[in-house]
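Colleague: Below is one structure. I have some questions about it.
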Amino acid sequence: MKQSNPEGYRKLLVYQKAVANHRFTNLLTPFIPRYNRTLRDLGDQMGPSARSATKNIVEGWKRRTTEEYLTFLGYSEASNSELMDDAREGIDGR
């Protein structure tokens, strides 16, 4: 899959939403209580999950085949699902 625009991924709605999630996560995680080890660990993992969602879209865009591109979109979706699950656990106080 040869892309004519090397930064065309920036126009993808999924990328724009992933970036927004990453920014929101970075604003939210400093407010997670640090005194509770479970919540602290959860907060420490949320940032990398959010970053991974955006970076896998970028990496997939740069791949040569559609199959590879779709594989990396799957990785991005998985990272986003992990982030959502972590957020639910944080809300539930687990």
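Rule-based calculations on the coordinates, nothing more; no lab input. These numbers were taken from a predicted model, which means no experiment stands behind them. Reconstructed Cβ throughout: ideal geometry from the backbone, glycine too, with neighbour counts over all protein chains shown.
Colleague: Projecting each Cα onto the charge dipole of the chain (Lys/Arg +1, Asp/Glu -1 at the beta carbon, about the Cα centre), which of Ala78, Gly47, Ile91 comes out farthest on the positive side?
Modeller: The listed residue farthest towards the positive side: Gly47.
Colleague: How large is the charge dipole for the chain, taken about the Cα centre, if only the Cβ atoms of Lys, Arg (+1) and Asp, Glu (-1) carry charge, to the nearest 20 debye?
Modeller: Value, rounded to 20: 380 debye.
Colleague: Defining a contact as two alpha carbons under 8 Å apart and six or more residues distant in sequence, what relative contact order in percent does the chain show? If you can, show how the numbers build up before the last one.
Modeller: Values: 88 pairs, mean separation 30.1, N = 94.
32 percent.
Colleague: Cut-off 10 angstrom, C-alpha nodes, Gaussian network model of the chain. Which of Arg51, Arg34, Arg23 fluctuates the most?
Modeller: Fluctuation is largest for Arg34.
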